[in-house]
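What follows is a set of notes on a single structure, which appears directly below.
The values are calculated or read from the model by the stated rules, or taken from the named source; none is laboratory data. Just so you know, these numbers come straight off a predicted model, no measurement behind them. Here the Cβ is made from the backbone with ideal geometry for all residues, glycine too, and neighbour counts use every protein chain on show. Each accessible area value is taken on the protein alone, full model and side chains, heavy atoms only, with ligands, DNA and RNA left out. Shrake-Rupley method; radii C 1.70, N 1.55, O 1.52, S 1.80 Å.
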Amino acid sequence: MSQYAAVMLLAGVGIPILAALNAALGRIIGSPTVAGAVLFLVAFAASALVMVLFSGTAALAKLSAAPKHLFLAGVLIAFYVLTITHIAPHFGVGNAVFFVLLGQLISAAAIDHFGLFGAQVSPLSLVRAAGISVMALGVWITQLA
């Protein structure tokens, strides 16, 4: 397994943990929205520390030249965190993450197929579509019990 795959596997492990932790925080304090905001404050502090330690701040000067639509990623992560924090306690972490994974499979296939946002083009062949379908079926089967 490549280093990239190992790191992404760890990131994937973290997603349901993030959902469960933030949902519990939202329940305890009585506000999924505040829990989401706290998560972003902690994430901002951690990201800023990593930026200062490993990247410096030179890239910040280039932000004004970046296409503005690229900043929608922040809106998408806010949507994810706020919705999973609110929905997981009512729907279950497993069910919530199942639908997140299904959405990821669909959007990743489209992004790769069309090379959207500068991604490397990887056409959606019949074999690849079958593989994605098997993955989706496997995730769905885990939710049957």
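In the stretch 65-98, the qualifying residues are those that are farther than 18 Å from Ser31 by Cβ and of a type in the set (Val, Ile, Thr), and the one that is nearest to the chain's Cα centre (by Cα) is Ile77.
Could you look through the stretch 93-115, keep only residues that are among the hydrophobic types (A, V, I, L, M, F, W, C) and open to solvent by 70 Å² or more (accessible area, probe 1.4 Å), and pick out the one that is nearest to Pro16 (Cα to Cα)?
Taking the stretch 93-115 and keeping what is among the hydrophobic types (A, V, I, L, M, F, W, C), we get 93, 96-102, 105-106, 108-111, 114.
Adding the requirement that they be open to solvent by 70 Å² or more (accessible area, probe 1.4 Å) leaves 99, 106, 114.
On the way: Phe99: 12, Ile106: 19, Phe114: 29 Å.
Step by step, filter the stretch 93-115, then rank; the result is Phe99.
Yes/no matrix, rows are residues, columns are (1) of a type in the set (Phe, Trp, Tyr); (2) closer than 28 Å to Gly118 by Cα:
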residue	(1), (2)
Ser31	no, no
Ala37	no, no
Val42	no, no
Ser55	no, yes
Ala58	no, yes
Lys62	no, yes
Phe71	yes, yes
Ala78	no, yes
His86	no, no
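Within the stretch 61-70, is there a residue that is modelled with pLDDT under 95 and surrounded by 11 or more Cβ atoms within 10 Å (Cβ to Cβ)? Within the stretch 61-70, one or more residues are modelled with pLDDT under 95 and surrounded by 11 or more Cβ atoms within 10 Å (Cβ to Cβ). Listed by first and then second residue, the pairs with beta-carbon distance under 7 Å, at least 6 apart or on different chains, first residue in the stretch 1-30 and outside the structural domain of Ala43 (by the TED database) and under 17 Å from Ala78 (Cβ atoms), second of a type in the set (Asp, Glu) and in a loop (DSSP other than H, G, I, E, B), form an empty list.
All of (1) among the β-branched types (Val, Ile, Thr); (2) open to solvent by 40 Å² or more (accessible area, probe 1.4 Å); (3) under 24 Å from Ser107 (Cβ atoms) hold for Thr33 with one exception: (3). Scoring Val121 on the criteria (1) touching a Gly at 6+ places or on another chain (Cβ under 9 Å); (2) surrounded by 13 or more Cβ atoms within 10 Å (Cβ to Cβ); (3) not assigned by the TED database to the domain that holds Gly14; (4) not small (Gly, Ala, Ser) leaves a single failure, condition (2).
If you go through the stretch 47-60 one residue at a time, do you hit one that is under 19 Å from the mean Cα position of the chain (by Cα), assigned to a helix (DSSP H, G or I), in contact (Cβ under 8 Å) with a residue 24 or more places away in the chain and surrounded by 10 or more Cβ atoms within 10 Å (Cβ to Cβ)? No, because not a single residue in the stretch 47-60 is under 19 Å from the mean Cα position of the chain (by Cα), assigned to a helix (DSSP H, G or I), in contact (Cβ under 8 Å) with a residue 24 or more places away in the chain and surrounded by 10 or more Cβ atoms within 10 Å (Cβ to Cβ).
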